[in-house]
Amino acid sequence: MSLYDIEVKNIQGESLPLSTYEGKVLLIVNVASKCGLTPQYEGLEALYKAKQSAGLEVLGFPCNQFLGQEPGTENEIQEFCSLNYGVSFPMFSKLEVNGEGRHPLYQQLIAAKPLATPVEGGKLKEKLASMNLLTDDETNIMWNFEKFLVGRDGTVLGRFAPDTTLDNPALLAAIDAAL
């Protein structure tokens, strides 16, 4: 099964095959509105605006699995993102990225890239470990705002830790190479 065979629901609740984005470079991100990393929405939107015409799509998937940091309804999430960050990239309905309820999209993404590239000098993993918030399974999504880069052919090209900022040279180089 290809990533393009997977069905997702947009933020309005309508089913949509990922094949809608076939031929595009995708940056798939699990997002949350009440997280210390939430300001990354600004960088995601700036990246989307800068590179959409070259074929980049940023896809935001809200997830409430990390300390309940995405408690709102889809309408509340959409309103928050629009009002606070001017988000215009596609947003989707909440889904689970870890555990028994892991969405098939994340099953495929994790199977293709089991480990995220850590941020040089990043302290998030250390901080989460000190708070006993990491799971025993290193292939699990660590936290909100973990990023997967998918090539135009549906191949998962990279996985980046949640604290990878949107101006990170390694992330930008990978996106540019894919475009």
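Relative to one another, the C-alpha centroids of the stretch 40-114 and the stretch 1-23 are positioned 13 Å apart.
Given the options GLY101, GLY154, GLY23, state which has the largest fluctuation in a GNM of the chain using a 10 Å cut-off (strictly under) for Cα springs. Of GLY101, GLY154, GLY23, the most mobile in the Gaussian network model is GLY101. Residue exposure proxy: VAL97, VAL150, ordered by other Cβ atoms within 10 angstrom of their Cβ from fewest to most, comes out as VAL97, VAL150. If you plug the beta carbon distance of LEU172 and GLU42 into 1/(1 + (r/R0)^6) with R0 = 22 Å, you get a FRET efficiency near 0.90.
Multiplying the residue separation of THR139 and GLU7 by 0.36 nm and removing their Cα-Cα distance gives an extension gain of 45.3 nm. Determine the calculated [θ] at 222 nm for the chain from helices alone, applying -39500 (n - 2.57) to every DSSP H run no shorter than 4 residues and normalising by the residue count; nearest 500 deg cm²/dmol. Per the formula, -8000 deg cm²/dmol.
Here the residues LYS94, LYS34, ranked from fewest to most Cβ neighbours within 10 Å of their Cβ, fall in the order LYS34, LYS94.
Close lysine pairs were tallied over the chain: pairs 8 or more places apart or on different chains with Cα atoms under 20 Å apart number 20.
Residues whose amide H comes within less than 5 Å of that of PHE89, counting only those at least five positions distant or on another chain, are absent (H built at 1.01 Å from N in the peptide plane). Label-to-label distance for THR73 and ASP153 is 4.4 nm, based on points extended 7 Å past Cα in the beta-carbon direction. With r as the distance between the Cβ atoms of LYS49 and THR20 and R0 = 22 Å, compute the FRET efficiency 1/(1 + (r/R0)^6) and round to 0.05. Result of the calculation: an efficiency of 0.65.
Please identify, among ASP137, ASP167, ASP153, the residue showing maximal mean-square fluctuation in a Gaussian network model of the chain using a 10 angstrom Cα cutoff. With Cα springs under 10 Å in the chain, the top fluctuation among ASP137, ASP167, ASP153 is at ASP137.
Each value in this text was obtained by applying a stated rule to the coordinates, not by laboratory testing. Bear in mind the structure is a predicted one, so any value in this text is a computation, not a measurement. Please note: Cβ atoms are built from the backbone with ideal geometry, for glycine as well, and neighbour counts cover all protein chains shown.
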